[in-house]
Amino acid sequence: MDYSQWKELLKSSRSSRGYDENCKVSRTELEQMVDCARYTPSTMNLQPLRYRLVHEAQEVETLQSLTKWAGALKELHLPREGHRPPAFILICHDTHIAAATPGFLRDVGIVSQTILLSAKVMGLGGCALGAFSEEEVGRALNLPEHVKPMLVLAIGKPDETIVLKEAQAGEKITYYRDENDVHYVPKRKLEDVLL
Ligand SMILES: Cc1cc2nc3c(=O)[nH]c(=O)nc-3n(C[C@H](O)[C@H](O)[C@H](O)COP(=O)(O)O)c2cc1C
């Protein structure tokens, strides 16, 4: 893969909030994504992250109900009924391995993007979801006390159109949708992110 193909892959890997519910995601596929995450850098190589694969219907529904989607477009109630993700990967921190959670937030970021890009090359997609109650999710999935939920990743086959926009300096960068439900994501320009 050359640079331009790599860049296209990154540009096409967007946060999807609508999925084809007919396209199931198997446990094996979720395991393959986590298998890629194992190779990422980790602070002091402690690798304190653990992954809970959620793919059984009842658990998927429960986790769906505990996550909040598209806070900037609350009135749309995404994902819509019939377009919900068929699976989730819950990234957790095992505090028995390393106690201090904040230091490992960087690890969470690295593994999450690795999982989402792995999903992309497997013909799937996803969305990172940080808006949930750690206690509610831990309880619902029967996680032991020392395993802390950090980030939820929805995984499925996206069925919506997402368009990247170059944000003009000073312009709002909130994502938005048009009347055809096309989702627009403004990204700051290269010259605006370089210091
Ligand atoms: C750490 C993290 C937490 C996020 N939490 C949520 C969330 O709770 N709900 C949601 O709908 N999107 C969430 N997102 C997705 C962002 O809204 C999304 O990345 C942003 O709108 C830009 O879109 P893009 O990912 O397609 O570039 C989160 C993204 C990140 C990186």
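The values are calculated or read from the model by the stated rules, or taken from the named source; none is laboratory data. None of the values given here were measured: they were computed from a predicted structure. For neighbour counting, all protein chains shown are included, and Cβ atoms are generated from backbone atoms with ideal geometry for every residue, glycine included. The protein model used for the area step is the full one, side chains on, heavy atoms only, and it has no ligands, DNA or RNA in it. Shrake-Rupley method; radii C 1.70, N 1.55, O 1.52, S 1.80 Å.
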Keeping to segment 3-28, report how many residues are among the hydroxyl-bearing types (Ser, Thr, Tyr), touching a Lys or Arg at 6+ places or on another chain (Cβ under 8 Å) and outside any helix (DSSP H, G or I). 2
Could you check Gln58 against (1) part of a helix (DSSP H, G or I); (2) within 17 Å of the chain's Cα centre (by Cα) and say which number it fails? (2)
Looking at Ser112, Ser42, can you tell me which residue is away from the ligand (no atom under 13 Å from the Cβ), of a type in the set (Ser, Thr, Tyr) and either under 17 Å from the mean Cα position of the chain (by Cα) or surrounded by 16 or more Cβ atoms within 10 Å (Cβ to Cβ) (or both)? Ser42
Being touching a Pro at 6+ places or on another chain (Cβ under 6 Å) and open to solvent by 50 Å² or more (accessible area, probe 1.4 Å) narrows it down to one of Lys7, Lys24, Lys68, so name that one. Lys24
Just the residues that are exposed (fewer than 14 other Cβ atoms within 10 Å of the Cβ) and either touching a Gly at 6+ places or on another chain (Cβ under 6 Å) or under 20 Å from His83 (Cα atoms) (or both), please, taken from segment 115-129. Gly123
Kindly provide the set of residues from segment 130-168 that are among the acidic types (Asp, Glu), in contact (Cβ under 8 Å) with a residue 60 or more places away in the chain and over 16 Å from Val60 (Cα atoms), ordered by number. Asp159, Glu160
Any idea how many residues of segment 65-81 are of a type in the set (S, T, N, Q) and more than 12 Å from the ligand (Cβ to nearest atom)? 1
Quick check on my filter: what residues within segment 45-64 are within 16 Å of the ligand (Cβ to nearest atom) and farther than 22 Å from Val121 by Cβ? Leu63, Gln64
